[in-house]
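S.K.: Sending over a structure as structure tokens; questions will come in a sec.
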Amino acid sequence: MFEELLKIREAALKELEAIKNADELNELSTQVLGRGGKLTAILRTMGKLSQEERAALGQKANSVKQELLEKFEERKAALYELAEQKKIEREEIDVTLPGVRRAVPMGALNPLTLVYREIRDALIGLGFTTFEGPEIEYDEYNFTLLNLPPNHPARDMQDTFYVNDKVLLRTHTSPCEARALKTLDLPFRLVIPGRCFRVDEPDASHSPVFMQMEGLVVDRNVSIADLKGTIDSFVKAVFGENVESRLRPSYFPFTEPSAEVDISCTICGGKGCSSCKGTGWMEIMGCGITNPHEIENCGKSPDEWRAFAWGVGVDRVACLKYGISDIRLIYEGDGRFLSQFK
């Protein structure tokens, strides 16, 4: 048996030197070291030997097995290096060849970004400054300071994402009004952009996440005429000189008086169509003179300071401006959709 063991060792080492690829190596390993291999077959016959012979044969067999395992690993590493070298040779690049010019695909800005920049630039041109606040907001800033008391229906959990009783995801950018009034020196003109969150079922015209931009002007002698003139300038800068605007009476807790802003239909030019329901006008945002209670809640005197504000959904403006029929397209990031806005 010792002689047979040595023959297996010598034959395996000789065949190992001639191995050319991993498949041949695996096959040889199975023939020699596998469960049905030659080395295993010898070990199975050890039961016929005496105790002394079994001990000696077992020691020698383990020595041969360990040696073969090491040799197999060495050959495996050598075959891997050889394969890598051949791969490198096949992939060799001739740097002296002339280069091939390839067109690099260019991305496109999301319509939200395009509209946001248009609105921002138009207002900055009117002397406004950008101001931002947190998306995770205190209930006090989102509601209380804006003249929305604890029993106001806007606080309903069906409309608002609450983190806890005092913290929520802001439902509008108006909390930044309170933050600005409490921290900035007056007077000022601010444009306030940011994401907002409401409990809305996604459909063609609603999204639980939407982008809003708010304008806030605080000074001693501002009036609704200043509000109308500012909004008209903003509308013409974003939609074009031929688009008209009008204020229609409405109600918001944080403004008094309040109004909805309509623009002449961008589809039919004010003649009346299905998009504007035959009226020639399309609603785009709300506005108004800031409620004196809000100014007082933020530590300023409503007798000395007056303000006006408006908030516009950037998503809605983008849909109107570019004729987008489904608001969800703006947020899905589909390259085919975005490529239209290059």
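Values in this text are rule-based calculations from the coordinates and carry no lab data. All figures in this text were calculated on a predicted structure; none of them were measured in a lab. Positions of Cβ are backbone-derived with ideal geometry, glycine not excepted, and every protein chain shown enters the neighbour counts.
S.K.: How large is the Kirkwood hydrodynamic radius of segment 223-291, in angstrom, based on all distinct alpha carbon pairs?
M.R.: Kirkwood radius, segment 223-291: 12.4 Å.
S.K.: Another question, if that's okay. Pairs of Cα atoms under 8 Å, at least six residues apart: use those to get the relative contact order of segment 1-158, whole percent.
M.R.: 18
S.K.: For Phe341 and Arg248, what does the FRET efficiency come to when R0 = 35 Å and r is the distance between their Cβ atoms, rounded to the nearest 0.05?
M.R.: Once the sixth-power term is evaluated, E becomes 0.65.
S.K.: Separate question: Taking the alpha-carbon distance from Lys300 and a cut-off under 22 Å, which lysines remain once sequence neighbours fewer than 8 residues away in the same chain are dropped?
M.R.: Lys182
S.K.: Run the numbers on segment 2-90 and let me know its relative contact order in percent, using alpha-carbon pairs under 8 Å that are six or more apart.
M.R.: 34
S.K.: Still on this model: Explain nothing, just the number: relative contact order of segment 111-341, from Cα pairs under 8 Å at least 6 residues apart, as a whole percent.
M.R.: Computed over segment 111-341, the figure is 21 percent.
S.K.: Give, in nm to one decimal, the length gained when the segment between Leu184 and Glu84 is fully stretched (0.36 nm per residue of separation minus the Cα-Cα distance).
M.R.: Roughly 29.5 nm would be gained on extension.
S.K.: In addition: Taking a ≥ b ≥ c as the square roots of the Cα gyration tensor eigenvalues, with a/c under 1.5 meaning rounded and otherwise prolate when a/b beats b/c, else oblate, which class fits segment 33-115?
M.R.: prolate
S.K.: Pick out which of Ser223, Ser174, Ser63 has the largest mean-square fluctuation in a Gaussian network model of the chain, springs linking Cα atoms closer than 10 Å.
M.R.: Ser63
S.K.: Rounded, prolate or oblate for segment 60-108? Axes are the square roots of the Cα gyration tensor eigenvalues, ordered a ≥ b ≥ c, and the cut-off for rounded is a/c under 1.5.
M.R.: oblate
S.K.: Using Cα atoms only, what is the angle between the long axis of helix 51-90 and the major principal axis of the chain, expressed in degrees (0 to 90) to the nearest 10?
M.R.: Approximately 50 degrees, to the nearest 10.
S.K.: Positive end of the dipole of segment 1-134, charges at C-beta (+1 Lys, Arg; -1 Asp, Glu), about the Cα centre: which of Pro105, Ile119, Ile42 has its Cα farthest in that direction?
M.R.: The residue sitting most towards the positive pole is Ile42.
S.K.: What translational diffusion coefficient, to the nearest whole µm²/s, does segment 41-165 have by Stokes-Einstein, given a Kirkwood radius computed over alpha-carbon pairs, a temperature of 10 °C and 1.306 mPa s viscosity?
M.R.: 62
S.K.: Which of Lys14/Lys60; Lys166/Lys228; Lys20/Lys60; Lys228/Lys342; Lys277/Lys342 have a Cα-Cα distance over 24 Å?
M.R.: Lys166/Lys228; Lys20/Lys60; Lys228/Lys342; Lys277/Lys342
S.K.: Sticking with this structure for a sec: Put one equal scatterer on each alpha carbon of the chain, apply the Debye formula with no solvent term, and list log10 I(q)/I(0) at q = 0.10 1/Å to two decimals.
M.R.: -0.68
S.K.: Please report the projected area of segment 105-257's Cα convex hull averaged over all directions, in nm².
M.R.: Computed as one quarter of the Cα hull surface, the answer is 11.8 nm².
S.K.: What do you get for GluC sites (Glu not before Pro) in segment 213-262 restricted to DSSP loop and a cutoff of at most 11 other Cβ within 10 Å of the site's Cβ?
M.R.: Listed in order of number, the matching sites are Glu241.
S.K.: Segment 279-305 to segment 146-213: how many Å between their Cα centroids?
M.R.: Value for the Cα centre distance between the two parts: 15 Å.
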